[in-house]
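The values are calculated or read from the model by the stated rules, or taken from the named source; none is laboratory data. If you're wondering where the values come from, they're calculated on a predicted model, not measured in any experiment. The accessibility values were calculated without ligands, DNA or RNA, using every heavy atom of the protein model including side chains. Shrake-Rupley method; radii C 1.70, N 1.55, O 1.52, S 1.80 Å.
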Amino acid sequence: MRPRKTILCVEDNEHVLSVRKFLLETRGYRVQAFNSGAGALNFLRESPPGSVDLLMSDLIMPQMDGNELVRRAKQLHPCLPTLLISGTVTSFDRAASADAFLPKGASTPAELLERVRILVARKRGPKKHVQPTLPPMAQQQVAVAS
């Protein structure tokens, strides 16, 4: 069984946060939910690098918006993939610091899950291609031929 991927989910609306957490957990993700950017940053400060697989955040929140959260999170964990979500489609221009953007309400749960799957896979990196090794005699023949 594969280890579960950890997603940091930040949303100031408690109802939306609980729905998003339920959606992700029923698909096998481990979700750490926070209703503020400050709480999420504290969690990241205490987390070893590579232990969080995705930061998903609302763009427009009080105290610290999603862009600021992403910027600070990337200082702590530079390879952490980030996804910003906003109810205002025109906010995409303001979501410049994230790896991906989804309009809240204009995307289906299936689209959200697909975007999450892609970002988590990107963190893992491309599959490594193993080149077949030649027997020692064939390696000598290749060396002589070149």
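Structural remarks
- Potential lengthening between Asn42 and Ala110 on full extension [0.36 nm per residue; Cα-Cα distance subtracted]: 21.5 nm
- The slack between Thr6 and Ile118, meaning 0.36 nm per residue of separation minus the straight C-alpha distance, is 38.9 nm.
- Shape category assigned to segment 1-68 from the gyration tensor of Cα positions, a/c cut at 1.5: oblate
- Element breakdown for segment 20-91 at a 1.4 angstrom probe: carbon and sulfur atoms account for 53% of the accessible area.
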